[in-house]
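Notes to accompany the following structure.
Each value in this text was obtained by applying a stated rule to the coordinates, not by laboratory testing. All values derive from a computational prediction rather than experimental measurement. Don't worry about glycine lacking a Cβ; one is built from the backbone with ideal geometry, like all the others, and counts go over all protein chains shown.
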Amino acid sequence: FLVSLNNESVGIISTSTLTSSDEITIGYITEQNEANKGIATNALKTMVQLLKYMKDNNIYNYSKLSLLIFDENAGSIKVAQKNGFVLSEKNDDQQLSRYTLEL
């Protein structure tokens, strides 16, 4: 999905393939010059609401959402935490962590 602000594209948000899998992975990115404006936080909030709706209406049967975030990306970690995601797995070799939200 395209993320826009004032009719201008400022980022994207997507999911892994929606299948019968128990877990859906979400990815997002916004323009660097649009950082700290709540854009990614709101885009993730909207995506979580959409995925919860799909689960609640038996469109898909997953129970967990996840994000893979590089440990150095403090802004993205804050976005995840503001939306209720918690650290669930850490890969020190790749400096990458998984944050999950149980539905």
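Can you pull the one-decimal nm distance between simple spin-label points at ASN61 and GLN81, each 7 Å off the Cα toward Cβ?
Those two pseudo-labels are separated by 3.6 nm.
About its Cα centre, what dipole magnitude does the chain give when the only charges are +1 on Lys and Arg Cβ and -1 on Asp and Glu Cβ, stated in debye to the nearest 20?
Once rounded to the nearest 20, the dipole reads 360 debye.
Using 7 Å Cα-to-Cβ label points, what is the GLU23/LEU103 separation (nm, one decimal)?
Result for the modelled spin labels: 1.5 nm.
Between THR41, TYR53, ILE26, whose Cα lies farthest towards the positive end of the dipole of segment 21-103 when Lys and Arg beta carbons carry +1 and Asp and Glu beta carbons carry -1, centred on the Cα centre?
Farthest along the dipole direction, towards plus: TYR53.
Between ILE12 and LYS45, what is the label-point separation in nm under the 7 Å Cα-to-beta-carbon projection?
Going by the 7 Å Cα→Cβ label model, 2.5 nm.
Quick one, what does Rg over Rh come out to for the chain if you take C-alpha atoms and the Kirkwood Rh?
Radius of gyration relative to Kirkwood radius: 0.97.
How high is the relative contact order of the chain, in percent, with contacts defined as C-alpha pairs under 8 Å that are six or more residues apart?
Result for the chain is 23 percent.
Count the lysine pairs in segment 1-94 whose Cα atoms lie under 18 Å apart, taking only pairs 8 or more positions apart in sequence or on different chains.
Counting lysine pairs in segment 1-94 gives 13.
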